Amino acid sequence: MKTKLFTVFTIIILLMGCSEPRVIDIDSDKLLSDLKILADDSLQGRAFSKEGNLKTQKIIIDEFNKIGLQPVIGGNLLHKFDHNFTGKVRQEVFPIEKPLEDLSNVKDTVVSGANIVGMLKGQTNKTFVITAHYDHLGVRKGRIYNGADDNASGTAALFTIAKYFKDKPTKHNLIFAAVDGEEIGSIGAEYFLKDYLNKDKISLNINMDMIAHSDYDPELFASGLHHYPDLRDPLEEIESEKIMLLFGHDDPDNKEQSDWTFSSDHRVFHREKIPFIYFGVPDHRDYHRHTDTYGTINQEFYIEAVKIVIQAIENFDEELAED
């Protein structure tokens with residue numbers, strides 16, 4: 001009899017301790033449609049400085065304007081920058097035929113890129129910068145590298161997340177930055193921080209890069225806690241019945257996991273000692289291949305991943321406002 005009573009009370013306690021996952025209301029159809037547009041063949045893989053990349057900029061600007069995001073730097077959403085490629089890097093990014101061994105015949109090349117940056121004003125002067133790169137690998141050997149997961153997924157998520165918070169005021173300013181040039185060294189993120197004058201007010205960078213494709217159990221990683229352990233509690237409060245939110249891929253001494261600390265645009269913030277959380281998935285069978293298309297993403301996983309990022313922003317907004 002004691003055993004039965006103990007069992008009953010245990011079940012009651014467990015039930016009382018289990019709260020329902022928070023309801024996050026987003027337009028899932030629009031989210032998927034935006035990703036499909038960004039991963040379309042017409043954008044030719046969105047390669048840095050190429051025509052498809054320029055078309056992508058216009059799509060992002062149009063979406064930011066529809067949402068009502070405000071300019072952050074210089075009164076414009078679009079922030080162009082010029083970058084000079086030299087030597088070995090020039091040959092890797094814009095190769096010429098028959099380069100000399102010392103690369104003396106590889107001329108310097110200045111190429112233009114652009115970030116698209118908009119903001120929702122918060123109630124304080126503290127700021128979260130939410131980043132996703134929109135460039136990808138372009139066309140290689142006649143095949144279009146659409147980069148649906150890498151990183152149309154993060155870019156489309158910017159639209160949905162910004163729309164979600166449009167009428168839900170936050171304590172922090174929310175800057176949404178679609179950055180260029182990640183695939184060639186995060187040069188867009190570097191230019192953003194170079195131009196942004198209030199770096200000391202940035203409390204957190206949330207970076208999304210590859211959040212729509214999981215080859216394993218539905219697993220999404222939030223990386224960065226090894227460097228910023230104080231950010232753990234808001235992430236542990238996230239609830240999802242569809243995805244396992246895991247921590248890791250940020251400890252250089254962990255030989256069982258690759259270290260993602262410098263794997264995407266969050267590295268630029270980390271080098272400036274700005275805390276980051278990077279949301280992403282492990283490399284999958286379509287990573288940096290022409291098969292990374294809209295047809296190979298996991299739609300339900302992607303929708304839930306975006307909801308998890310939204311929960312994280314809400315939790316961090318409460319937690320970090322008290323600091």
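The values are calculated or read from the model by the stated rules, or taken from the named source; none is laboratory data. Only a predicted model underlies this, so the values are computations on that prediction, with no experimental measurement involved. A quick note on method: Cβ atoms are made from the backbone with ideal geometry, for glycine too, and the neighbour counts reach across all protein chains shown. When the accessible area is computed, the model is the full protein with side chains, heavy atoms only, and any ligands, DNA or RNA have been set aside. Shrake-Rupley method; radii C 1.70, N 1.55, O 1.52, S 1.80 Å.
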Candidate lysines for bridging to Lys50, where Cα separation is under 18 Å - those fewer than 8 sequence places away on the same chain excluded
Lys58, Lys80, Lys141
Between Asn84 and Gln299, what is the spin-label point distance in nm, taking each point 7 Å from the Cα along the Cα→C-beta axis?
4.9 nm
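Calculate the translational D of segment 205-280 in whole µm² s⁻¹ from Stokes-Einstein, where the hydrodynamic radius comes from the Kirkwood formula applied to all Cα pairs, the temperature is 25 °C and the viscosity 0.890 mPa s. Walk me through the numbers on the way to the answer.
Numbers: Rh = 12.8 Å.
Reported coefficient: 191 µm²/s.
So, with a 1.4 angstrom probe, what is the percent of accessible area on the chain that is carbon and sulfur? All intermediate terms of the calculation are to be shown ahead of the outcome.
Numbers: 8040 of 15950 Å².
Taking all protein chains in place, the chain shows 50 percent carbon and sulfur surface.
Nearest 5 percent is fine: what portion of the DSSP beta bridges confined to the chain is antiparallel? Intermediate results must be reported in sequence, preceding the final value.
Numbers: 22 of 43 bridges.
Once the DSSP bridges in the chain are tallied, antiparallel ones form about 50 percent.
Give me the accessible area per residue for the chain, probe 1.4 Å, as a whole number in Å². Please list the in-between numbers first.
On the way: 15950 Å² over 323 residues.
Per residue, the chain has 49 Å² of solvent-accessible surface.
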So what's the back-of-envelope 222 nm ellipticity for the chain, counting only DSSP H runs of four-plus at -39500 (n - 2.57) apiece and dividing by all residues, rounded to 500?
-10500 deg cm²/dmol
Dipole of the chain, positive end: most advanced residue of Leu193, Val72, Ala212 [Cβ charges, Cα centre]:
Val72
Suppose each label sits 7 Å from its Cα in the direction of the beta carbon; what would the Asp215-Ile96 distance come out to in nanometres?
3.8 nm
Under a cut-off of 18 Å between alpha-carbon atoms, report the aspartates and glutamates in cross-link reach of Lys66, not counting same-chain residues fewer than 8 places apart.
Asp27, Asp29, Asp34, Asp167
